[in-house]
Amino acid sequence: MLLIVILAGCSNGVVAPASAGGVESLPPALQAWAAFPITASPRPLVFPGGFGTSPDGPRGVYGDENAKLALLGGAFDPPVHLPAGPAIADGFPIISADKAFDLLHPHPGTIAGIRLTMTDARLGNATFGSDRGERTLPAWIFSFTHVDGPIPVLAVGPAAQWYPSALVGHAGQPYSAGAVVGPDHRTLTVSFVAGQSGTGPCGVSYEVKLTESRTAVMVTRITYRSNSYTNDPAVACPLIGFLRTASAVLKTPLGARVLVDDQGYPIGARGGP
(Lines give C-alpha, C1' and ligand atoms only; values in the text may rest on other atoms or scores of the structure.)
Protein backbone atom coordinates (compact mmCIF):
# COMPACT_ATOMS: atom_id res chain seq x y z
CA MET A 1 0.00 0.00 0.00
CA LEU A 2 1.37 3.40 -1.01
CA LEU A 3 1.91 5.78 1.88
CA ILE A 4 2.27 9.48 1.16
CA VAL A 5 3.59 11.44 4.12
CA ILE A 6 1.66 14.60 4.87
CA LEU A 7 2.19 16.38 8.17
CA ALA A 8 -0.97 17.87 9.54
CA GLY A 9 -0.63 21.16 11.32
CA CYS A 10 -0.01 20.92 15.07
CA SER A 11 -3.43 20.59 16.60
CA ASN A 12 -4.34 21.99 19.96
CA GLY A 13 -5.88 18.67 20.89
CA VAL A 14 -8.57 18.94 23.52
CA VAL A 15 -7.45 17.47 26.80
CA ALA A 16 -10.27 15.90 28.78
CA PRO A 17 -9.06 14.80 32.23
CA ALA A 18 -10.71 11.78 33.78
CA SER A 19 -13.39 12.41 36.35
CA ALA A 20 -12.48 12.12 40.00
CA GLY A 21 -15.50 9.88 40.53
CA GLY A 22 -13.46 6.65 40.48
CA VAL A 23 -12.70 3.90 38.00
CA GLU A 24 -16.40 3.49 37.13
CA SER A 25 -16.49 7.01 35.71
CA LEU A 26 -13.67 6.32 33.25
CA PRO A 27 -14.27 5.32 29.63
CA PRO A 28 -14.06 1.52 29.17
CA ALA A 29 -10.72 1.86 27.38
CA LEU A 30 -9.20 3.44 30.50
CA GLN A 31 -11.05 1.16 32.93
CA ALA A 32 -9.23 -1.78 31.33
CA TRP A 33 -5.89 -0.29 32.43
CA ALA A 34 -6.96 0.97 35.87
CA ALA A 35 -4.96 -1.74 37.67
CA PHE A 36 -1.77 -1.23 35.67
CA PRO A 37 1.09 -1.09 38.24
CA ILE A 38 2.35 2.32 37.24
CA THR A 39 4.80 2.60 40.17
CA ALA A 40 6.42 -0.80 39.60
CA SER A 41 10.15 -0.80 38.96
CA PRO A 42 11.03 -2.02 36.46
CA ARG A 43 7.91 -1.07 34.55
CA PRO A 44 6.09 -4.18 33.26
CA LEU A 45 6.46 -4.92 29.56
CA VAL A 46 3.36 -4.13 27.51
CA PHE A 47 2.98 -5.73 24.08
CA PRO A 48 0.33 -4.87 21.48
CA GLY A 49 -2.17 -7.71 21.37
CA GLY A 50 -0.85 -9.03 24.69
CA PHE A 51 2.06 -11.00 23.25
CA GLY A 52 5.52 -10.16 21.96
CA THR A 53 6.15 -10.49 18.24
CA SER A 54 9.55 -10.06 16.63
CA PRO A 55 10.62 -8.71 13.24
CA ASP A 56 13.63 -11.03 13.50
CA GLY A 57 11.70 -14.04 12.19
CA PRO A 58 12.70 -16.40 9.40
CA ARG A 59 13.44 -14.99 5.97
CA GLY A 60 11.57 -17.76 4.18
CA VAL A 61 11.72 -21.46 3.46
CA TYR A 62 13.85 -23.80 1.44
CA GLY A 63 11.99 -25.95 -1.03
CA ASP A 64 8.45 -25.79 -2.34
CA GLU A 65 5.17 -24.28 -1.22
CA ASN A 66 4.54 -27.27 1.06
CA ALA A 67 7.38 -26.19 3.37
CA LYS A 68 5.84 -22.71 3.61
CA LEU A 69 2.45 -24.18 4.49
CA ALA A 70 4.04 -26.38 7.14
CA LEU A 71 5.80 -23.34 8.64
CA LEU A 72 2.63 -21.22 8.70
CA GLY A 73 0.61 -24.11 10.08
CA GLY A 74 3.05 -25.05 12.85
CA ALA A 75 3.92 -28.57 11.70
CA PHE A 76 6.94 -28.68 14.03
CA ASP A 77 8.77 -31.62 15.56
CA PRO A 78 10.89 -30.81 18.63
CA PRO A 79 13.85 -32.93 19.74
CA VAL A 80 13.34 -35.48 22.50
CA HIS A 81 14.81 -33.04 25.03
CA LEU A 82 14.89 -29.26 24.81
CA PRO A 83 17.71 -27.44 26.63
CA ALA A 84 17.34 -26.20 30.18
CA GLY A 85 17.53 -22.48 30.68
CA PRO A 86 18.28 -20.09 33.55
CA ALA A 87 15.56 -18.81 35.84
CA ILE A 88 16.71 -15.21 35.22
CA ALA A 89 18.36 -13.58 32.20
CA ASP A 90 19.02 -9.86 31.67
CA GLY A 91 17.01 -9.22 34.83
CA PHE A 92 13.86 -10.94 33.52
CA PRO A 93 12.22 -14.20 34.66
CA ILE A 94 12.64 -16.78 31.90
CA ILE A 95 10.17 -19.39 30.70
CA SER A 96 11.38 -22.87 29.76
CA ALA A 97 12.20 -23.90 26.21
CA ASP A 98 9.28 -26.35 26.38
CA LYS A 99 6.87 -23.53 27.25
CA ALA A 100 8.30 -21.36 24.46
CA PHE A 101 7.83 -24.21 21.99
CA ASP A 102 4.20 -24.51 23.09
CA LEU A 103 3.75 -20.80 22.26
CA LEU A 104 4.51 -21.67 18.63
CA HIS A 105 1.16 -23.53 18.66
CA PRO A 106 2.61 -26.68 17.09
CA HIS A 107 0.22 -28.68 14.94
CA PRO A 108 -0.09 -32.37 15.93
CA GLY A 109 -0.30 -33.69 12.36
CA THR A 110 1.36 -33.16 9.02
CA ILE A 111 0.56 -30.16 6.87
CA ALA A 112 0.94 -30.46 3.11
CA GLY A 113 2.33 -33.92 3.83
CA ILE A 114 5.41 -32.80 5.77
CA ARG A 115 6.62 -31.79 9.22
CA LEU A 116 9.54 -29.53 10.06
CA THR A 117 12.20 -30.97 12.38
CA MET A 118 13.88 -28.72 14.95
CA THR A 119 17.64 -28.60 14.39
CA ASP A 120 18.67 -26.18 17.14
CA ALA A 121 17.27 -24.53 20.27
CA ARG A 122 19.16 -21.95 22.32
CA LEU A 123 18.53 -18.98 24.57
CA GLY A 124 19.55 -15.71 22.96
CA ASN A 125 18.11 -12.27 22.27
CA ALA A 126 15.76 -10.81 19.69
CA THR A 127 13.92 -7.57 18.99
CA PHE A 128 10.29 -7.26 20.09
CA GLY A 129 7.84 -4.40 19.63
CA SER A 130 6.46 -2.97 22.88
CA ASP A 131 4.39 0.06 23.82
CA ARG A 132 7.68 1.89 24.39
CA GLY A 133 9.23 1.00 21.05
CA GLU A 134 11.41 -1.91 20.04
CA ARG A 135 13.22 -3.74 22.83
CA THR A 136 16.03 -6.31 22.71
CA LEU A 137 14.85 -9.06 25.05
CA PRO A 138 15.68 -12.67 25.96
CA ALA A 139 14.28 -15.14 23.44
CA TRP A 140 14.35 -18.82 22.74
CA ILE A 141 15.77 -19.21 19.24
CA PHE A 142 14.46 -22.23 17.35
CA SER A 143 15.78 -23.49 13.99
CA PHE A 144 13.98 -25.98 11.75
CA THR A 145 14.66 -27.92 8.59
CA HIS A 146 13.53 -26.17 5.38
CA VAL A 147 13.34 -22.81 7.20
CA ASP A 148 15.74 -20.00 6.24
CA GLY A 149 16.58 -18.38 9.56
CA PRO A 150 15.59 -19.06 13.16
CA ILE A 151 12.24 -18.38 14.82
CA PRO A 152 12.54 -16.26 18.01
CA VAL A 153 10.00 -16.73 20.79
CA LEU A 154 9.87 -14.26 23.68
CA ALA A 155 11.44 -15.91 26.73
CA VAL A 156 10.35 -13.29 29.28
CA GLY A 157 7.92 -14.79 31.79
CA PRO A 158 4.38 -13.49 32.44
CA ALA A 159 5.45 -11.96 35.78
CA ALA A 160 7.36 -9.24 33.88
CA GLN A 161 4.47 -8.48 31.51
CA TRP A 162 1.09 -6.80 31.89
CA TYR A 163 -2.00 -6.76 29.69
CA PRO A 164 -5.68 -6.29 30.63
CA SER A 165 -7.57 -9.55 30.89
CA ALA A 166 -10.57 -7.80 29.33
CA LEU A 167 -8.66 -7.41 26.06
CA VAL A 168 -7.05 -10.86 25.92
CA GLY A 169 -8.45 -12.94 23.08
CA HIS A 170 -10.14 -10.00 21.37
CA ALA A 171 -9.03 -9.22 17.85
CA GLY A 172 -8.06 -5.62 17.37
CA GLN A 173 -5.17 -3.32 16.65
CA PRO A 174 -4.88 0.41 17.31
CA TYR A 175 -5.61 2.66 14.33
CA SER A 176 -2.51 4.66 15.23
CA ALA A 177 0.88 4.02 13.64
CA GLY A 178 2.50 5.22 16.87
CA ALA A 179 3.22 8.41 18.77
CA VAL A 180 6.21 10.55 19.64
CA VAL A 181 6.56 12.21 23.04
CA GLY A 182 8.08 15.68 22.82
CA PRO A 183 11.04 16.96 24.87
CA ASP A 184 8.58 18.47 27.37
CA HIS A 185 7.23 14.93 28.05
CA ARG A 186 3.72 16.32 27.51
CA THR A 187 3.34 16.99 23.78
CA LEU A 188 2.14 13.90 21.92
CA THR A 189 2.32 13.72 18.13
CA VAL A 190 0.22 10.79 16.95
CA SER A 191 0.68 9.22 13.50
CA PHE A 192 -2.06 7.33 11.68
CA VAL A 193 -3.04 6.28 8.18
CA ALA A 194 -6.07 8.23 7.00
CA GLY A 195 -7.52 10.45 4.27
CA GLN A 196 -5.61 13.05 2.29
CA SER A 197 -5.01 16.60 3.45
CA GLY A 198 -6.29 19.68 1.67
CA THR A 199 -9.34 21.88 1.25
CA GLY A 200 -10.70 20.26 -1.91
CA PRO A 201 -13.59 17.82 -2.26
CA CYS A 202 -11.47 14.96 -0.87
CA GLY A 203 -9.75 16.90 1.90
CA VAL A 204 -9.91 15.75 5.52
CA SER A 205 -8.30 17.18 8.64
CA TYR A 206 -7.85 15.61 12.05
CA GLU A 207 -7.20 16.39 15.67
CA VAL A 208 -6.68 14.16 18.67
CA LYS A 209 -8.34 14.41 22.06
CA LEU A 210 -6.53 13.06 25.11
CA THR A 211 -8.42 11.60 28.06
CA GLU A 212 -6.14 11.03 31.04
CA SER A 213 -6.31 8.72 34.02
CA ARG A 214 -3.74 7.86 36.67
CA THR A 215 -2.51 4.81 34.75
CA ALA A 216 -3.27 5.46 31.07
CA VAL A 217 -3.99 8.05 28.41
CA MET A 218 -6.67 7.47 25.76
CA VAL A 219 -6.25 8.96 22.29
CA THR A 220 -9.42 9.73 20.35
CA ARG A 221 -9.14 10.81 16.73
CA ILE A 222 -11.60 13.43 15.54
CA THR A 223 -12.23 13.83 11.81
CA TYR A 224 -13.20 17.08 10.06
CA ARG A 225 -14.28 17.21 6.44
CA SER A 226 -13.33 20.25 4.39
CA ASN A 227 -16.13 22.68 3.49
CA SER A 228 -16.01 21.47 -0.09
CA TYR A 229 -15.94 17.77 0.83
CA THR A 230 -18.43 15.90 -1.32
CA ASN A 231 -20.06 12.50 -1.55
CA ASP A 232 -20.69 13.08 -5.24
CA PRO A 233 -19.93 9.74 -6.98
CA ALA A 234 -18.62 11.72 -9.94
CA VAL A 235 -15.71 12.91 -7.78
CA ALA A 236 -13.09 10.15 -7.60
CA CYS A 237 -11.21 10.50 -4.31
CA PRO A 238 -8.06 8.33 -4.19
CA LEU A 239 -8.44 5.09 -2.24
CA ILE A 240 -5.00 5.54 -0.74
CA GLY A 241 -3.94 5.69 2.89
CA PHE A 242 -1.92 8.79 3.71
CA LEU A 243 0.33 9.01 6.75
CA ARG A 244 -1.00 11.89 8.82
CA THR A 245 -0.13 13.36 12.20
CA ALA A 246 -1.92 15.41 14.83
CA SER A 247 -0.64 16.73 18.16
CA ALA A 248 -2.09 17.50 21.56
CA VAL A 249 -0.70 18.37 24.98
CA LEU A 250 -1.11 16.31 28.16
CA LYS A 251 -1.96 17.94 31.46
CA THR A 252 0.89 16.02 33.09
CA PRO A 253 3.87 14.13 31.59
CA LEU A 254 3.10 10.72 30.13
CA GLY A 255 5.58 9.05 32.48
CA ALA A 256 4.95 5.32 32.92
CA ARG A 257 1.31 5.52 31.86
CA VAL A 258 0.12 3.43 28.91
CA LEU A 259 -0.99 5.21 25.75
CA VAL A 260 -4.10 3.53 24.29
CA ASP A 261 -6.69 4.09 21.58
CA ASP A 262 -10.39 4.46 22.29
CA GLN A 263 -10.81 0.66 22.30
CA GLY A 264 -8.07 0.21 24.90
CA TYR A 265 -5.38 -1.21 22.61
CA PRO A 266 -1.84 0.04 23.35
CA ILE A 267 -0.21 2.60 21.07
CA GLY A 268 3.56 2.59 20.76
CA ALA A 269 5.10 5.77 22.21
CA ARG A 270 8.67 6.81 21.50
CA GLY A 271 10.76 9.53 23.07
CA GLY A 272 9.37 9.31 26.60
CA PRO A 273 11.49 8.78 29.72
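The values are calculated or read from the model by the stated rules, or taken from the named source; none is laboratory data. In this text, all values refer to a predicted model and were calculated from it rather than measured experimentally. Neighbour counts run over all protein chains shown; Cβ positions are idealised from the backbone, glycine included. Side chains included, ligands, DNA and RNA excluded: accessible areas come from the protein's heavy atoms. Shrake-Rupley method; radii C 1.70, N 1.55, O 1.52, S 1.80 Å.
Tabulated values for the structure
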{"read-out": "Qualifying position, being polar (S, T, N, Q) and touching an Asp or Glu at 6+ places or on another chain (Cβ under 6 Å), among Ser143, Ser197", "value": "Ser143"}
{"read-out": "Failed condition for Ala121, given (1) at pLDDT 90 or above; (2) closer than 30 Å to Val181 by Cβ; (3) in contact with a Phe, Trp or Tyr (Cβ under 7 Å, 6 or more places away or on another chain)", "value": "(2)"}
{"read-out": "Filtered residues of the range 31-89 (kept if open to solvent by less than 40 Å² (accessible area, probe 1.4 Å), part of a loop (DSSP other than H, G, I, E, B), closer than 23 Å to Gly109 by Cα and in contact with a Leu (Cβ under 9 Å, 6 or more places away or on another chain))", "value": "Gly74, Ala75"}
{"read-out": "Unmet requirement for His105, which otherwise passes all of (1) more than 23 Å from Tyr265 (Cβ to Cβ); (2) out of contact with any strand residue (DSSP E or B) (no Cβ under 7 Å at 6 or more places or on another chain)", "value": "(1)"}
{"read-out": "Filter result for Ala139 (crowded, with 21+ Cβ neighbours inside 10 Å, assigned to a strand (DSSP E or B) and among the small types (Gly, Ala, Ser))", "value": "yes"}
{"read-out": "The range 242-273, residues that are open to solvent by 50 Å² or more (accessible area, probe 1.4 Å) and in a strand (DSSP E or B)", "value": "Val249, Arg270"}
{"read-out": "In the range 97-109, the residues that are assigned to a loop (DSSP other than H, G, I, E, B), open to solvent by 60 Å² or more (accessible area, probe 1.4 Å) and under 14 Å from Pro152 (Cα atoms)", "value": "His105"}
